[in-house]
Amino acid sequence: MKSTGLLTLAAFLALSSASPSLVKRAAPQGVDISHYQGTVNFNTLVANGMSFVYIKVTEGTTYQDPNFSANYNGATKAGLIRGGYHFAHPDTSSGATQANYFLAHGGGWSGDGITLPGALDIEYGPSGSECYGLSASAMVSWIKDFSNTYHSHTGVYPVIYTTTDWWKTCTGNSAAFASTNPLWIAHYSSSIGTLPAGWTYTTFWQYADSGPNPGDQDEFNGSLQGLKNLALG
Ligand SMILES: *[C@@H]1O[C@H](CO)[C@@H](O)[C@H](O)[C@H]1NC(C)=O
Ligand SMILES: *[C@@H]1O[C@H](CO)[C@@H](O)[C@H](O)[C@H]1NC(C)=O
């Protein structure tokens, strides 16, 4: 068993009613993983109180995570609510092409109550390639193309994973997705900070890039029933 984690601390504080502001950590916890985490023990994740996991599926149109199937099947067997994510390379092909690649290799969705809408991971590139050479309006169009293609195949809009800084820099702080796409913000702090334009709340919050469980540490902003509802569409 790992050392004291946030959940354990939060559970203790919630029980002792020491601080209402920390009761939020009672919200469903999860992680996001890729092959970087190697072989993940999903039963341990469940034992540690995790409710969900996002699993890397694809990048651009040339990369499939080698551990995707093992991770997805493992998470399913352990009873976790799970979904896939796609790392965007807006410089290499259209949003529609990348959505179709993601859908064809495991990023699909059905309203079975255990599958989260696929997530579009859009952020600074691996080589710090800023906005991939796209203008803000071209970037917004690329994301729309991805999002609409995903929606037309599945009936749900993809979750958008990003940072407020990247979104401001590379989309001109577009508010065009706030009424359709759930937001997943990466912000390693004790509070969520400023959100991108339009969104009044975040659906997921990646609050740390390491912690008691493998991968990045995430929280769903709501109840367990709310998380299940997202998986029902
Ligand atoms: C994950 O992928 C690596 C290759 O990158 C492989 O060696 C390893 O066995 C895989 N693990 C699982 C659980 O599939
Ligand atoms: C969580 O969602 C609620 C609305 O449902 C919102 O008031 C709150 O600010 C959100 N929390 C975060 C961290 O965004």
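Computed from the coordinates by the stated procedures, all read-outs in this text should not be read as laboratory data. This one's a predicted model, so the numbers in the text were calculated from it and none came from an experiment. For neighbour counting, all protein chains shown are included, and Cβ atoms are generated from backbone atoms with ideal geometry for every residue, glycine included.
Taking the 0 to 90 degree range and rounding to the nearest ten, how far is the long axis of helix 136-154 tilted relative to the main principal axis of the chain, both from C-alpha atoms?
70 degrees
Considering all alpha-carbon pairs of region 55-166, what whole percent are spaced by more than 24 angstrom?
On the way: 1367 of 6216 pairs.
Pairs farther apart than 24 Å: 22 percent.
Rounded to whole Å and sorted largest first, what semi-axes of the equivalent ellipsoid does the C-alpha gyration tensor of the chain yield via the square root of 5 times each eigenvalue? Let's see the in-between values first.
On the way: eigenvalues 156, 83, 53 Å².
For the chain, the ellipsoid semi-axes come out as 28, 20, 16 Å.
Quick check for the chain: number of Lys pairs with alpha-carbon distance under 25 Å, counting only pairs 8 or more apart or on different chains?
Value for the chain: 10.
If we count other beta carbons within 10 Å of each Cβ, what is the order of I55, I81, fewest first?
On the way: I55 30, I81 23.
Neighbour counts put them in this order, fewest first: I81, I55.
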